[in-house]
1. Can you tell me the orientation of helix A:285-301 relative to chain A, as the angle in degrees between its alpha-carbon axis and the longest Cα principal axis, to the nearest 10?
2. Could you work out the mean count of beta carbons from other protein chains within 10 Å of each residue's beta carbon in A:61-68?
3. How about region B:50-141: which GluC sites (Glu not before Pro) there lie in a loop by DSSP and see at most 14 other Cβ atoms within 10 Å?
4. How big is Rg to Rh over region A:4-327, alpha-carbon atoms, Rh as the Kirkwood inverse-mean-distance radius?
5. May I have the convex hull volume per residue, in Å³, for the Cα set of region B:2-230?
6. Counting pairwise Cα distances across region C:149-204, what percent come out greater than 12 angstrom?
7. Using a 10 Å cut-off on Cβ to Cβ distances, tally the other chain neighbours for every residue of C:273-282 and report the average as a whole number.
8. Hey, if we sort A:PHE91, A:PHE301 by accessible area with the 1.4 Å probe, largest down, what's the order?
Amino acid sequence: MSGVVVRRSARSSRFGAAGLIAVAAVLALLPFVAYESVTSSLVTLFVLVTIASMWNLLAGFGGLVSIGQQAFIGVGAYTVIYLADHGVSPFVAIPLAALTAAVLAVPTSLLAFRLRGDYFAVGMWVIAEVYRLLLSRVDALGGASGRSLEGMAGMDQTLRAAATYWAALAVTVVAVLGCYWLLRGRVGLALTAVRDDEIAARAAGVDVTRAKRIVFLASAAGCGAAGGVLVIDALSVQPNAIFSVQWSAYMIFIVVIGGIGYLEGPILGAIVFFALQELLSDAGTWYLIVLGLIAMASALFMPRGLWGQVIDRTGMRLFPVGYHLERHVGTGRA
Amino acid sequence: MTLLSVSGLDVHHGQLRAVSGFDISVEEGQTIGVIGANGAGKSTLLRTIAGILIPSAGTISIDGVDVTRMSAHQRVRHGVGLVPEGRRLFPSLTVEENLLSGAYLRKEGPWSLDAVFDLFPWMPERRAQSSAHLSGGEQQSVAIGRALMTNPRMLLIDELSLGLAPVVVRRMYEALPRIVANGCSILLVEQDVSQALAVADHVHCLLEGRTVLSGRPTDLGRADIETAYFGIDAPAEAG
Amino acid sequence: MDLLNAVLQGLLLGGLYALFATGLSIMFGVMRIVNLAHGDLAVVASFLALALVTNTFLPLWAVVLVAIPIFSVLGYALQRTLIQRSLGAGPLATLLVTFGLSIVLQNVLLESFSADTRTLEAGSFATSAIELNDTISLSYIGLFGLVAAVVTIVAIQLFVSRTRTGRMMRAASDDPETASVVGASPAHIYGIATAIAFATVALAGLIFSMRSSFDPSIGPSRLLFAFEAVVIGGLGSLWGTLLGGLALGLTQSVVSHYDPASAVLAGHLVFLAVLAFRPQGLIPARAV
């Protein structure tokens, strides 16, 4: 008998989901004790964690590198604008923004999945541009200059800030736990098989395209919700800004620095990114130059990112989605 | 004069040791056979000598020059030529272009397009054909011709007979003495034991990465070879 | 007659797109990578020309002759350092590294030259045209772009089919490992391919800047045009890239004739239509 035991979770991971919920509970109390400036900048952090997690889901697990996820951020933002015009509360509109993004992701995937690898990445960018150019032509939604969000005017300023904060936090928690849930199920198993050997996985009957499409839709939904949060936070939308490729740059940099293919990666990466942003906020464009250089160096010399380093040093896993072997000392063969 | 000398060679694929403690020396003008079953480490050995894989221990030298740390393309300059397993012709190149790719370094030597055409007389007619449309035997000839075009002193041939009809295999083997006659030593890896025994001056039998039997074909008994090849009665250390 | 003019202008513009897309096509054909900094490199070439024209007494044609070899050397060096390393660092690395490079280049340009829109003073060459009749005139610079595209593509085709290095480029594209056992260093061969690609990027970037104004942020949209030309034409075929560039230029120009605001969108839609109905492109072909 071999002394090797196959495990899903390490001891640390029992703290993972529970810990996340505990942290979320503490964070949820923050509007009662902290200044609005704190909660307001945390909204930005939450959005970054959300969109980076979505990009990580797509690229790190689905193998689909996209430079066009801003398409769904924009779609989500415009969905909230549109629904608010029709009397729906912007906060209620956030899940509908996720839904709209997921629905539009179906035809998008039919086109984009015809491209592979690097070409998929750039093809998605073109598709994002198409969404931007089409929405810029809708005068009811403000055309090329954008417009402001209706339905928030009557709301108390403090309450609005707190509600925005809670909405952003809720979207982030749902996004991260959603990734965890998705990847521990059949889809995660299929994607692991694909990552190891796509041809063998197909031969073994794994519906590779279906698994990738599910991940693509989930990622779109998360980005759509994040777009909804952004528009509620800013109270207005402008097509060139909401569909900017800058969002993709943020997602990619965060995930690459944090650690691609680990659910913890985008969270850690977003915190580092956010800290750098605060630290270098006076440096203007130098900030992006430094960030680009860090991301390039990270991709070349630290392909598993910061979280990969954490695992190497401590073996800690908060959200294990793979399986790993443990050799039991004493029973294992030398 | 020793042309190729390999000593204490260990090669790992990740955790797995594919070749272990391998020694060989090939004299000028010799043909050496390495036989062994599937997975015995034969291809790994050849690919390491060619410079595609990096050994974890041991040295490889050609004509007294230590090439262990050299990359594959640098070893070609020192006279190493490889006929890879599965032929590996360049599919988007024609037959002639595949041959000419071997002349990339423009090394002096006996082999030229005409000399290869002389060795394989069917080729000139089909020189402009895409290499993707050749039969297995034709592809193997082009792969040999391409390696010869590098004017190697040490030709490494990986599974000459694999996937070929017996009559084609015989024709391939008939070409080997002419290659040796042009001043080239051959290290041949084969699953087909009888062909290797017929052509080689000396044979090494590999089992799980180690030489378990070696000697001149005439000195080796059939039963010994079978034991070495299949590992029946092999020491229990394996595993 | 105005429509005919739009068609002719579209072909001239399309020729320039094709020239610009050639570098992207080569790098994909040989190394199977998309260089996301492709557009920004062309903008760097434009700013390099601007700096040389304003700060030296070099005439524009001399600037072109200087910029192309500089870019070739830059391309070779970039391949041997960043790109070659990223090829060995996993499937996502090339994309991440070239994307990082794109962001870095954009912001370095922004820092050095500000966000202002610039034009390159190209003298009489840029303003002269062949007047066919009252409504149709073909600018020298536009014709130069189309001619340069055709000459470049023919020259590259001859290079890869007739020369020792060109042949090895196709071989390394098929199978880099086997290329190395016949004596070629794949990294060196890839470096030469990148040098050629960068030379075409520099030439295209200079022609772009003589035709129209530019600023540091214009790179990504240029990249998308080049990308569309490559996909519309068919991956891995330079003649396809020429055809794809012409199709894109023609579409933009003709649509612009009716509604200038829709020109770029129309180009994107042609790209999506090709994806939907002819995903292999107009001329599907083997590498390079």
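1. 20 degrees
2. Averaged over the peptide's residues, the number is 2.
3. B:GLU108
4. That ratio is 0.97, to two decimals.
5. Given the Cα convex hull of region B:2-230, per-residue volume reads 116 Å³.
6. Everything past 12 Å amounts to 66 percent.
7. That average works out to 2.
8. Final ranking, largest accessible area leading: A:PHE301, A:PHE91.
The values are calculated or read from the model by the stated rules, or taken from the named source; none is laboratory data. Just so we're clear, the structure is a prediction, and the values are computed from it rather than from any experiment. Note: ideal-geometry Cβ built from the backbone for every residue, glycine included; neighbour counts use all protein chains shown. Note: accessible area is taken over every heavy atom of the protein model, side chains too, but ligands, DNA and RNA are not part of it. Shrake-Rupley method; radii C 1.70, N 1.55, O 1.52, S 1.80 Å.
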